[in-house]
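Engineer: Please see the structure below; I have some questions.
What follows is calculated from the coordinates using simple rules that are stated; it is not laboratory data. Source: prediction; values computed, not measured. All Cβ positions, glycine included, derive from the backbone under ideal geometry; neighbour counts span all protein chains shown.
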Amino acid sequence: MGLVLKGGVPLLLLVAVLVWNWDGSPPVISWPAKLSESVGGQSPITVRLLDSGKGLASVSVVAVQADTRSPILTERIARPLAPWASGTLQRELTFSMDDTPGLAAFKDGAFSVEVRVEDHANWWMFSRSAATVRTFELDRTPPRVILLSTQHRIRQGGAELIRYRASPDTQHSGVTVGERSFRGYRQPTADSDEFVCLFALAHNDSVQIPISLWAEDHVGNRTETTLSVFRHERRFRQRTITISDRFIDTVLAEVIRQSELPAPETQLERFLLVNAELRRRNDAAIEDIAGRSVDHALWSEVFSQLSNSQVEARYADHRSYVYQGREVDRQTHLGFDLASTSQGPVEAANAGTVVYTAYLGIYGNCVIVDHGLGLMSLYAHLSQIDVAEGQQVQRGDMLGRTGKTGLAGGDHLHFAILVQGVPVTPLEWWDAGWVQTRFFSRLRAEDG
């Protein structure tokens, strides 16, 4: 007969319960694998605590620099009343130097974070603990930027190029126009700290919109200064386009099919799906493609207009769409519609690299060519495409043929110029004087 304790509890059962609920592992302290040793004032510092047994009982996190010790967290964590139950098994703490009381006074340089954690005791008798120290380098000093180019001017729907120098710690830099950011490109053939940035004032941007030059280092320190730019306001044409059921049943039905969209029940819903929602998706895709641009100019001549072409629609024509006698939508046409001969040849407007060749919703069969520094040209509604992605092209090389794919009522080329994904007027880029004085003279540092 087995041993029995007073009260009738078998001794072996008690031993089994003790062994089953015994916590033999200490708590674990870990840091994210991608956590950098260098941090800025706003850099998140994360520490993770884990206990696989009875749960965490106490946590202490302290930042130390020289003789200064600043507590970040001191906490006791209650455990369940039942001795066999587990409490808090994991905890994650994230803090930054600028947002944590007591740490804002730390100076640039080395500091350490001390972490100590203890778990709950086994049957209120035996607890385990763990401790670690990690050293970081604090850097709150933002990069420096010096503007080198002068006399900056830009029109609504136009572009401008600036040249500037940034300190060696600069990781990213460029120009902000309102909430839109344009990337600056380090110049490989010039001083290694010199950058250029081609930016745009969109057709619907106010001429009062803030424009700033900015730079950011690898820990997120940022400097930003107002950029003096003279802005010109423009007026754009108003156009009314009447939409017929026949157009919806033929042209739009094909766009919906090619784009693999579920077809709405009504004619009007189909039109709005393509003209508004699909347009928005296509333009977002173009902005993503803009990120493929290389960091140097691939061209040296003025851009060319499609040979022997007539202008059918202009950049930033404001269009009102009328269906069954009432206005149902408004959109802006962000390119030039150029008509030549039916299925006529489409030439590259300038030298560059083909970065896109596929069907793109309202644009139909579409080719996009990168010219470097965030500048691209777009050729839409093509009946055929004769180039491949990655192919180098020269000014005048054949890209394909005009057509009426996508949201096109007739055979023509929709031609657009994009600055980091923002459509701008092609007129500037077709103007040899503008290209020389506003682009190449600054790119080659002739004005500063």
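Engineer: Evaluate the charge dipole of the chain about its Cα centre and quote only its size in Debye, nearest 20, assuming +1 on the Cβ of each Lys and Arg and -1 on the Cβ of each Asp and Glu. Walk me through the numbers on the way to the answer.
Structural biologist: Numbers: 44 positive and 52 negative charges, 154 e Å.
Dipole magnitude for the chain comes out near 740 debye.
Engineer: HN-Hα J couplings of the stretch 317-329 from phi, Karplus 6.51/-1.76/1.60, θ = phi - 60°, integer Hz, Gly and Pro as x?
Structural biologist: The phi angles translate into 4, 8, 10, 9, 9, 10, 10, 6, x, 9, 6, 10, 6 Hz.
Engineer: Tell me which chymotrypsin sites (Phe, Trp or Tyr not before Pro) from the stretch 93-152 have a DSSP coil assignment and no more than 10 other beta carbons within 10 Å of their own.
Structural biologist: Counting only loop positions with at most 10 other Cβ atoms within 10 Å, the chymotrypsin sites (Phe, Trp or Tyr not before Pro) in the stretch 93-152 are 124.
Engineer: Per residue of the stretch 131-146, in order, report the coupling 6.51 cos²θ - 1.76 cosθ + 1.60 (Karplus, θ = phi - 60°) as ³J(HN,Hα) in whole Hz, putting x for Gly and Pro.
Structural biologist: With coefficients 6.51, -1.76 and 1.60, one gets 8, 8, 10, 10, 9, 10, 10, 8, 9, 9, 8, x, x, 10, 10, 10 Hz.
Engineer: Shifting gears a bit: Could you list 376, 97, 398 in order of exposure, starting from the residue whose Cβ has the fewest other Cβ atoms within 10 Å? Let's see the in-between values first.
Structural biologist: Details: 376 25, 97 22, 398 12.
Neighbour counts put them in this order, fewest first: 398, 97, 376.
Engineer: Continuing with this model, one more query. Ranking 274, 294 by Cβ neighbours within 10 Å, fewest first, what do you get?
Structural biologist: Starting with the residue having the fewest Cβ neighbours, the order is 294, 274.
Engineer: Over the stretch 238-443, what relative contact order in percent results from Cα pairs under 8 Å that are six or more residues apart?
Structural biologist: 23 percent
Engineer: What full-extension length gain, to one decimal in nm, is calculated for residue 261 and residue 135 as 0.36 nm per residue of separation minus the Cα-Cα distance?
Structural biologist: Working: separation 126, 0.36 × 126 = 45.36 nm, distance 5.35 nm.
Taking 0.36 nm per residue and subtracting the Cα distance, the gain is 40.0 nm.
Engineer: Moving on. When the C-alpha atoms of the chain are aligned to their principal axes, what extent does each axis show, in angstrom, from largest down?
Structural biologist: The principal-axis extents, from largest down, are 106, 60, 41 Å.
Engineer: Would you grab the residues whose amide H sits under 5 Å from the one on residue 106? Only those 5+ places off in sequence or on another chain, please, with H modelled 1.01 Å from N.
Structural biologist: Counting only residues 5 or more places away or on other chains, the set is empty.
Engineer: Oh, and also: How large is Rg/Rh for the stretch 248-360, to two decimals, with Cα atoms and a Kirkwood Rh?
Structural biologist: Values: Rg = 17.1 Å, Rh = 17.0 Å.
So for the stretch 248-360, dividing Rg by the Kirkwood Rh gives 1.01.
Engineer: Treating only the Cβ atoms of Lys and Arg (+1) and Asp and Glu (-1) as charged, compute the dipole magnitude of the stretch 353-448 about its Cα centre; round to the nearest 20 debye. If you can, show how the numbers build up before the last one.
Structural biologist: Numbers: 6 positive and 9 negative charges, 16 e Å.
With Lys and Arg at +1 and Asp and Glu at -1, about 80 debye.
Engineer: Want the number for residue 342 to residue 326: 0.36 nm per residue separation, take away the alpha-carbon distance, what's left?
Structural biologist: Numbers: separation 16, 0.36 × 16 = 5.76 nm, distance 3.26 nm.
Length difference between fully extended and current span is 2.5 nm.
Engineer: So, one more: Out of 313, 392, 121, whose Cα points farthest toward the positive end of the dipole of the chain (charges: +1 Lys, Arg; -1 Asp, Glu; placed on Cβ)?
Structural biologist: Positive-most Cα among the choices belongs to 121.
Engineer: Still on this structure, I have one more. Count the net charge of all other residues whose Cβ sits under 10 Å from the Cβ of residue 320, scoring Lys and Arg as +1 and Asp and Glu as -1.
Structural biologist: Combined, the nearby Lys, Arg, Asp and Glu give +1.
Engineer: Here's something else I'd like to know. Please determine, in degrees from 0 to 90 and to the nearest 10, the orientation of helix 11-20 with respect to the longest principal axis defined by the Cα atoms of the chain, where the helix direction is its Cα long axis.
Structural biologist: Tilt relative to the chain: about 30 degrees.
Engineer: Determine one quarter of the surface area of the Cα convex hull of the stretch 145-232, which equals its mean projected area, and express it in nm² to one decimal.
Structural biologist: Values: hull surface 21.5 nm².
If you wrap the Cα atoms of the stretch 145-232 in a convex hull and average its projections, you get 5.4 nm².
Engineer: Taking amide H positions as placed 1.01 Å from N in the peptide plane, with prolines and chain starts having none, which residues 5 or more places from residue 375, or on another chain, fall under 5 Å of its amide H?
Structural biologist: 420
Engineer: Can you sort 37, 114, 428 from fewest to most other Cβ atoms within 10 Å of each residue's own Cβ?
Structural biologist: Fewest-to-most Cβ neighbours within 10 Å comes out as 37, 114, 428.
Engineer: What FRET efficiency, computed as 1/(1 + (r/R0)^6) with R0 = 41 Å and r the Cβ-Cβ distance, is obtained for residue 151 and residue 318, rounded to the nearest 0.05?
Structural biologist: That gives a FRET efficiency of 0.85.
Engineer: Here is a further query. For helix 279-289, report the angle its Cα long axis makes with the longest principal axis of the Cα atoms of the chain; keep it between 0 and 90° and round to the nearest 10°.
Structural biologist: Helix 279-289 sits at roughly 70 degrees to that axis.
Engineer: Could you list which residues have their amide H under 5 Å from that of residue 148, counting only those 5 or more apart in sequence or on another chain, with H placed in the peptide plane?
Structural biologist: Excluding prolines and chain starts, which carry no amide H, the hits are 163, 164, 165.
Engineer: Another question about this same structure. What are the ³J(HN,Hα) couplings of the stretch 341-349, residue after residue, when phi is run through the Karplus curve with 6.51, -1.76, 1.60 and θ = phi - 60°? Round to Hz, x for glycine and proline.
Structural biologist: Going residue by residue, I get 9, 4, 6, x, x, 10, 9, 5, 6 Hz, with x marking Gly and Pro.
Engineer: Working out 0.36 nm times the residue gap between residue 434 and residue 307, then minus their Cα-Cα distance, what length gain in nm do you get to one decimal?
Structural biologist: Result for the pair: 43.7 nm of gain on full extension.
Engineer: Over what distance in Å are the Cα centres of the stretch 338-357 and the stretch 275-290 separated?
Structural biologist: First find each Cα centre; the distance between them is then 20 Å.
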